[in-house]
Amino acid sequence: MQVPGSEYDAELARSLAKLWPHRMHESSAWKNLLCWFGLHRWAQLDLSHQAPGREVWFCRWCDGIRIDGELLGG
């Protein structure tokens, strides 16, 4: 059974976060500040087998995940 809307997206983001651990501890204070202002460094992975039809992006500097344009975490 699929949970509707943003609850499903939040659960998907939590499960996908395990695949791409955030790099906050490896980043500099400058990069952390950029993420805080919303200037993330996005990277997209091919997750068509886990999230078919969804566009999933991960921030390389923090724990931000963007699914279909909606920022979850970060």
Need the failing condition index for LEU19 against (1) at pLDDT 80 or above; (2) of a type outside the set (Gly, Ala, Ser); (3) in a loop (DSSP other than H, G, I, E, B), just the number.
(1)
Six or more apart or on different chains, Cβ atoms under 8 Å: show the pairs whose first residue is in the stretch 1-19 and over 15 Å from GLY64 (Cα atoms) and whose second is assigned to a helix (DSSP H, G or I) and modelled with pLDDT of 70 or more.
GLN2/TYR8; VAL3/GLU11
Exactly one condition in (1) outside any loop (DSSP other than H, G, I, E, B); (2) modelled with pLDDT of 85 or more; (3) exposed (fewer than 12 other Cβ atoms within 10 Å of the Cβ) is false for GLY38; which is it?
(1)
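The values are calculated or read from the model by the stated rules, or taken from the named source; none is laboratory data. Not measured: the values here are computed from a predicted model. No Cβ is skipped: glycine too gets one built from the backbone with ideal geometry, and neighbour counts run over all protein chains shown.
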